[in-house]
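In what follows, a single structure is set out as structure tokens and then discussed.
The values are calculated or read from the model by the stated rules, or taken from the named source; none is laboratory data. None of the values given here were measured: they were computed from a predicted structure. Cβ atoms come from the backbone with ideal geometry, glycine included; neighbour counts cover every protein chain shown. What goes into the accessible areas is simple: the full protein's heavy atoms, side chains included, and nothing from ligands, DNA or RNA. Shrake-Rupley method; radii C 1.70, N 1.55, O 1.52, S 1.80 Å.
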Amino acid sequence: MQGIDEIKTLLSEPRKVLVTMHRKPDGDALGSALALYFYLMAKGHDPIVVSPTDYGVYLHWMPGNPSVLIWEENKKGIQKYIDQAELIFCLDFNNLGRIEDMGESIRLSPAKKIMIDHHLEPEGFEDYRLWNPEACATAELVYKFIGLLGDEAIIDKNMAICLYTGIMTDSGSFQYSNVSPQVHLITAHLMSTGMDHTMIHRNIYDTMKESQLRFFGHCIKEKLVILPKFRAAYISVNKEELRQYNILTGDTEGLVNYTMSLSETVVGALIVERDKVVKLSLRSKGNFPVNEIAKKYFHGGGHINAAGGTSYENLQQTIAKFEEAVKEFEILLLNN
Ligand code: 5GP
Ligand code: MN
């Protein structure tokens, strides 16, 4: 990593550090941030974790969660931390546009910015980067970063829980192609701290409310559309359905995977009508680049097999656009 010696020097005395991650953080974004938070505290720094927005209750069990501040809820108070910070870590995103208006505050801050991330096409706002789009999770890179600072040995149970959560959630429980032997070696080390991985799986995956599970059932039975010719499947959800089943932020997590569980499906989507916009979660198998659909049609991006975006058209128009996109990319289905 370029500049690692300068970072070592910067961290050689106690610093005020702000750690942030992308909006609506997932297990990798929050896990990476909280692992770094525990690491920085162990090294005698004064860290603070700020999320641009709130996040799913399925992550509230994580160690360190009570100390996370939410930018949306207290911009003035958090601006003070941004002004005072000497170092700002930006985790699991590489474009300041992904963190609401906090992005501009961070851009203007004189603090040194360190980006640790695995998404494509970094904007380049940072002073230092540990960036690898082949990493299965940002948490894998945070582990590597701690190692580069010579501190692998101080990774304790709390840090391990957070890093394991990041790796597990972003790798689909170790199933995606970017899970390398190295990832399993990292995981072995994390497990050796005495953390309970079964507890993490239970906390993340076995926490549904009854209404949420029935909502999933409704979506699969009534809303799943399959386009066999294009090896595509999608589920669309409107505001009324979200209200009827009391579906909150994060409650749709995992639903898109059902479109991929069909043996013939190569590309899948979850299309959700939110308050003012329509959000899309896109998934694919093999080398079908679903991030290109996200980028070209839905102002988004992501990884080759998992991407997302936003549509400013209505739900029906968005669905039509998704179908159009799948047709345009049909040729790419041939090798999958
Ligand atoms: P999810 O479907 O789980 O919300 O997102 C899957 C992946 O797609 C994320 O890890 C992220 O890389 C990417 N992604 C989701 N939404 C957006 C978006 O609005 N913009 C960009 N650039 N990427 C997104
Ligand atoms: Mn990630």
- Could you grab the pairs with beta carbons closer than 8 Å, sequence gap of 6+ or different chains, first residue in the range 164-193 and under 22 Å from P25 (Cα atoms), second one part of a helix (DSSP H, G or I) and of a type in the set (S, T, N, Q)? Y164/T187; G166/S32; G166/T138; I167/T187; D170/T138; G172/N257; F174/T187
- Task: Being open to solvent by 30 Å² or more (accessible area, probe 1.4 Å) and not charged (D, E, K, R) is the filter; apply it to the range 126-139 and report the residue that is nearest to L87 (Cα to Cα).
- Result: W131
- Note on the structure: Filtering strands (runs of 3 or more DSSP E) wholly in the range 234-336 for at least 2 residues that are hydrophobic (A, V, I, L, M, F, W, C) and crowded, with 23+ Cβ neighbours inside 10 Å gives 267-273, 278-284
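From the list M21, M62, M41, which one is in the same structural domain as G172 (by TED's automatic domain parsing) and away from ligand 2 (no atom under 16 Å from the Cβ)? Spell out how you get there, then give the answer.
Numbers: M21 fails: away from ligand 2 (no atom under 16 Å from the Cβ); M62 fails: away from ligand 2 (no atom under 16 Å from the Cβ).
Residue meeting the stated conditions: M41.
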- Query: Quick one: would you say E241 is away from ligand 2 (no atom under 16 Å from the Cβ), under 25 Å from Q212 (Cβ atoms) and not assigned by TED's automatic domain parsing to the domain that holds S177?
  - Reply: yes
- Return the residue satisfying two criteria in turn: it lies in the range 73-104 and is farther than 17 Å from G302 by Cα, touching a Ser or Thr at 6+ places or on another chain (Cβ under 9 Å) and outside any helix (DSSP H, G or I), and of such residues it is most open to solvent (accessible area, probe 1.4 Å). E100
- Which members of the range 24-52 meet the condition of being in contact (Cβ under 8 Å) with a residue 60 or more places away in the chain, under 22 Å from Q84 (Cα atoms) and not in a helix (DSSP H, G or I)? K43
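Taking the stated definitions as given, is P14 assigned to a loop (DSSP other than H, G, I, E, B), assigned by TED's automatic domain parsing to the domain that holds F145 and over 30 Å from G254 (Cβ atoms)?
Numbers: assigned to a loop (DSSP other than H, G, I, E, B): yes; assigned by TED's automatic domain parsing to the domain that holds F145: yes; over 30 Å from G254 (Cβ atoms): yes.
Yes: the conditions hold for P14.
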- Query: Can you tell me which of S67, S32, S12 is open to solvent by less than 30 Å² (accessible area, probe 1.4 Å) and of a type in the set (G, A, S)?
  - Reply: S32
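For (1) hydrophobic (A, V, I, L, M, F, W, C); (2) more than 16 Å from ligand 1 (Cβ to nearest atom); (3) free of Cβ contacts under 8 Å to residues at least 40 places away in the same chain; (4) in the same structural domain as N305 (by TED's automatic domain parsing), each residue gets a yes or a no:
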site	(1), (2), (3), (4)
Q84	no, yes, no, no
L87	yes, yes, no, no
N94	no, no, yes, no
I106	yes, yes, no, no
A111	yes, yes, no, no
M115	yes, no, yes, no
L120	yes, no, no, no
Y128	no, yes, no, no
N132	no, no, yes, no
- Query: If G268 passes every condition in (1) within 13 Å of ligand 1 (Cβ to nearest atom); (2) under 22 Å from D117 (Cα atoms); (3) in contact with a helix residue (DSSP H, G or I) (Cβ under 9 Å, 6 or more places away or on another chain) but one, which one does it miss?
  - Reply: (2)
- Item | Condition broken by E121, with the remaining ones in (1) open to solvent by 10 Å² or more (accessible area, probe 1.4 Å); (2) farther than 25 Å from G302 by Cβ satisfied | (2)
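Right, N74: touching a Pro at 6+ places or on another chain (Cβ under 9 Å) and either at pLDDT below 95 or of a type outside the set (A, V, I, L, M, F, W, C) (or both) or not? It would help to see each step written out before you state the result.
Values: touching a Pro at 6+ places or on another chain (Cβ under 9 Å): no; either at pLDDT below 95 or of a type outside the set (A, V, I, L, M, F, W, C) (or both): yes.
No: the conditions fail for N74.
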- Spot the failing condition for I114; the list is (1) more than 14 Å from ligand 2 (Cβ to nearest atom); (2) open to solvent by 10 Å² or more (accessible area, probe 1.4 Å); (3) within 18 Å of L36 (Cα to Cα), and only one is missed. (2)
- Being at pLDDT 95 or above and more than 20 Å from the chain's Cα centre (by Cα) is the filter here, so list the residues in the range 198-209 that pass it. T198, M199
- Does the range 185-196 contain at least one residue that is within 16 Å of ligand 2 (Cβ to nearest atom), among the hydrophobic types (A, V, I, L, M, F, W, C) and either out of contact with any Gly (no Cβ under 9 Å at 6 or more places or on another chain) or open to solvent by less than 60 Å² (accessible area, probe 1.4 Å) (or both)? yes
- Query: Given the conditions (1) open to solvent by 50 Å² or more (accessible area, probe 1.4 Å); (2) in contact with a Phe, Trp or Tyr (Cβ under 9 Å, 6 or more places away or on another chain); (3) hydrophobic (A, V, I, L, M, F, W, C); (4) farther than 22 Å from M1 by Cβ, and given that I154 satisfies all but one, which numbered condition is not satisfied?
  - Reply: (4)
